[in-house]
Each structure stands twice: as structure tokens, then as C-alpha cells.
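Here's the structure we're looking at; comments come further down.
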Amino acid sequence: MSATPSAAAAGTIGIGGDLTVNRMGYGAMRITGKGIWGPPPDRDVAKAAVRQAVDAGVNFIDTADSYGPHVSEELIAEALHPYPDDLVIATKGGLNRPGPGQWQADGRPEHLREACEGSLRRLKLEQIPLYQLHRPDPRVPIAESMGTLVQLRDEGKIRHIGVSNVSEAQLREMQAITPVVSVQNRYNLGDRSSESMVDLCEQESIVFLPWAPIQDADELVPVLTTASRLNASPRQVALAWLLDRSTAMLPIPGSGSPEHVAENVAAASLQLTKDEANAIFELAK
């Protein structure tokens with residue numbers, strides 16, 4: 001690995017045709033309190049983690065209004081505003097938070113508009129580069145939820161539209177309404193239910209953002225073997241494998257620890273052999 005690890009080692013990826021970011025991002029869910037609720041135990045440490053990501057070359061940060069709620073967005077602004085010119089902040093709307101560890105879909109147009117405008121204020125942005133529907137609401141027609149995001153884009157409040165926690169059928173319905181530049185689904189070594197979605201995104205030049213990207217990394221023998229060869233941690237190998245898995249992949253590992261952030265970014269410099277990548281792919285299925 002490089003003596004000074006940088007997210008740039010992962011190469012770059014385009015978003016929506018007019019944004020380019022390094023292909024190792026940062027997920028800001030973990031800078032909140034337990035249950036993704038309330039403030040973190042130490043706000044200064046949480047902000048240091050965000051700054052560490054940017055200092056290490058990360059220029060894509062993923063967050064949501066529901067993280068805290070509101071706490072993650074507020075801390076990002078406190079830590080980084082005024083923002084570097086190349087920083088892309090992606091946020092999400094479409095969930096309510098009645099309590100710690102509780103998440104309820106709310107795709108009503110009035111809720112999405114309120115959520116987006118709240119994110120603009122908290123992040124101190126005039127326009128959100130990438131705004132994602134956090135989860136389809138089964139009580140609200142997809143056309144109504146996505147139509148609201150189209151209106152917000154037309155008003156200049158968001159630049160590009162992404163979606164999260166969707167099936168292929170839902171994505172197709174959404175694409176019939178508007179271009180979708182990113183999909184954020186759960187995907188890791190232990191959960192490969194979005195395997196076909198990763199391939200679809202690669203074929204259609206849609207960015208795939210895997211959430212919970214390093215879960216179950218230390219439970220597979222090929223991961224442990226590769227980690228030993230590279231003098232790396234299993235989690236670093238899992239991130240390197242994601243980068244190898246598809247050119248559409250933009251991992252967003254999250255941590256509230258500056259040290260762990262640096263460790264995650266260092267995975268961008270790891271090179272798996274073809275045999276190692278294949279062995280991990282086959283055994284993890």
C-alpha cells in the first residue's frame with residue numbers, strides 16, 4: 001500500500017455525465033449516536049472523521065436527512081463548509097425516524113419537498129449534487145415520489161436524481177419518469193441479493209453505491225488469506241474486492257473514527273489478483 005493512502009488510488013467515476021469523483025467515498029451514517037439517533041458521543045471526533053476522509057482524497061460523501069435525524073448533515077457542514085470545489089455531497093430523503101433504530105418510509109410529495117429543503121439548509125448548499133429517494137413508499141405511487149424529485153431538480157434545488165433500496169422493476173418504473181444516475185442498495189460479501197443490479201448499473205453507466213459494504217468481511221477464508229498476503233485487514237480486502245467487482249461500484253464505507261476512515265481509504269491502494277477476486281466472489285455467493 002502507498003505510504004500516504006489516497007482515495008485517488010481507486011481511480012475515478014462519473015456521475016450523471018458532469019460530475020467526477022474518486023471511486024472511494026465516505027458514508028456519514030456513523031457520525032451520529034447509537035441507533036443512528038441523536039448526536040455522537042464526541043462531536044469533535046465525529047467532525048475529525050469527516051475531515052480525515054476529505055484529507056485522504058475522498059470527494060464523495062453520502063448522507064441522509066434521517067441520520068440522526070439531521071445530525072449527520074449538520075456535522076458535515078460544521079466540519080467542511082465552505083466546501084472544497086471538487087466535493088460532491090449526496091443526501092437522501094424519504095424516511096421518517098420515530099426513534100432509535102426505527103425507519104419508516106414516507107414518499108409523500110410534501111414530505112420529500114420538506115426533506116430536501118431541510119437538507120439544503122443544514123448542508124448550507126444552494127443545490128444538492130445528488131439527491132436520492134431513500135426507499136420507495138408502498139403507500140405512495142412511485143410516479144408521485146419521483147415526480148416531486150423531478151420538480152425539485154427543475155427548480156434547481158437538486159442536480160441529479162438517485163434511488164436507494166430498489167428492485168429492478170422499481171428502477172425501470174423510475175427510469176420511465178426521469179434519468180436515474182445512481183442506485184444505492186445493500187451489497188457486501190454476505191449479501192449478494194443485488195448482484196444483478198450491480199451488472200445492470202455497469203451496463204447502463206449508473207453508479208452503484210453499496211451500503212453496509214464491509215459486513216461479514218472477516219468470515220471467509222479467501223478474504224483472510226488475501227489479507228495475510230497483502231498485510232491488510234479483512235475489511236480492507238472486502239473494499240478492494242468491491243472496487244474490483246465492477247467499474248460501476250463506488251464504495252462508501254462509514255466510520256466515526258478518523259483512524260478507521262484512514263484505514264478504509266487505504267484499501268483503494270490494494271491490488272487483488274484475478275484468482276483472489278474470483279475465489280472471494282465464488283465463496284461469498
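When each of Asp191, Asp137 is tested for being modelled with pLDDT under 95 and of a type outside the set (Lys, Arg), the lone residue that passes is Asp191. Among the residues examined, Tyr131 qualifies as touching a residue at least 24 places away in the same chain (Cβ under 8 Å), within 23 Å of Ile177 (Cβ to Cβ) and either in contact with a strand residue (DSSP E or B) (Cβ under 8 Å, 6 or more places away or on another chain) or not polar (S, T, N, Q) (or both). Inclusion of Leu120 among residues that are free of Cβ contacts under 8 Å to residues at least 60 places away in the same chain, in contact with a helix residue (DSSP H, G or I) (Cβ under 7 Å, 6 or more places away or on another chain) and not basic (Lys, Arg) is not warranted. For the residues Ala53, Ala77, the requirement of being in contact (Cβ under 8 Å) with a residue 12 or more places away in the chain, more than 14 Å from Gly256 (Cα to Cα) and not in a loop (DSSP other than H, G, I, E, B) singles out Ala77.
Restricting Thr4, Thr12 to residues that are modelled with pLDDT of 95 or more and either under 30 Å from Ile206 (Cα atoms) or surrounded by fewer than 22 Cβ atoms within 10 Å (Cβ to Cβ) (or both) narrows the list to Thr12.
Of all residues in region 67-87 being small (Gly, Ala, Ser) and within 17 Å of the chain's Cα centre (by Cα), which is surrounded by the fewest Cβ atoms within 10 Å (Cβ to Cβ)?
The residue in question is Gly68.
Within region 115-142, the only residue that satisfies the criterion of being under 20 Å from the mean Cα position of the chain (by Cα) and of a type in the set (Val, Ile, Thr) is Ile128.
Out of Glu276, Glu259, I need the residue that is more than 22 Å from Val198 (Cα to Cα) and either surrounded by fewer than 20 Cβ atoms within 10 Å (Cβ to Cβ) or acidic (Asp, Glu) (or both). Which one?
Numbers: Glu276 fails: more than 22 Å from Val198 (Cα to Cα).
After applying the criteria, what remains is Glu259.
Run down Ala64, Ala49 and say which single residue is over 20 Å from Leu130 (Cβ atoms) and under 17 Å from the mean Cα position of the chain (by Cα).
Working: Ala64 fails: over 20 Å from Leu130 (Cβ atoms).
Ala49 is the lone residue from the list that is over 20 Å from Leu130 (Cβ atoms) and under 17 Å from the mean Cα position of the chain (by Cα).
Looking across region 104-127, the residues that are part of a loop (DSSP other than H, G, I, E, B) and out of contact with any Lys or Arg (no Cβ under 6 Å at 6 or more places or on another chain) come down to Asp106, Gly107, Arg108, Lys124, Leu125, Glu126.
Within region 240-253, identify whether any single residue is over 22 Å from Gly14 (Cα atoms) and either of a type in the set (A, V, I, L, M, F, W, C) or not in a helix (DSSP H, G or I) (or both), and answer yes or no. Checked against the condition, which is being over 22 Å from Gly14 (Cα atoms) and either of a type in the set (A, V, I, L, M, F, W, C) or not in a helix (DSSP H, G or I) (or both), region 240-253 yields no hits at all.
Filter region 15-46 down to residues that are in a helix (DSSP H, G or I) and of a type outside the set (A, V, I, L, M, F, W, C) and give me whichever is farthest from Gln132 (Cα to Cα).
Step one: filter region 15-46 for residues in a helix (DSSP H, G or I), giving 29-31, 43-46.
So of that shortlist, the ones also of a type outside the set (A, V, I, L, M, F, W, C) come out as 30, 43-44.
On the way: Arg30: 18, Arg43: 26, Asp44: 28 Å.
In this case the residue turns out to be Asp44.
Checked against the criterion of being charged (D, E, K, R) and in contact with a Leu (Cβ under 9 Å, 6 or more places away or on another chain), the candidates Lys34, Lys47 yield just one match: Lys47. The residue list Ser246, Ser257, Ser228 contains one member that is in contact with a strand residue (DSSP E or B) (Cβ under 7 Å, 6 or more places away or on another chain) and hydroxyl-bearing (Ser, Thr, Tyr), which is Ser246. The single condition among (1) in contact with a Phe, Trp or Tyr (Cβ under 9 Å, 6 or more places away or on another chain); (2) farther than 26 Å from Val183 by Cα; (3) not acidic (Asp, Glu) that Val45 does not meet is (1).
Per the conditions (1) in contact (Cβ under 8 Å) with a residue 60 or more places away in the chain; (2) buried (at least 17 other Cβ atoms within 10 Å of the Cβ); (3) in contact with a helix residue (DSSP H, G or I) (Cβ under 6 Å, 6 or more places away or on another chain), the sole criterion not satisfied by Leu283 is (2).
The values are calculated or read from the model by the stated rules, or taken from the named source; none is laboratory data. Here the structure is a predicted model, which is why all the values come from computation and not from measurement. Positions of Cβ are generated from backbone atoms using ideal geometry, with glycine treated the same way; all protein chains shown enter the neighbour counts.
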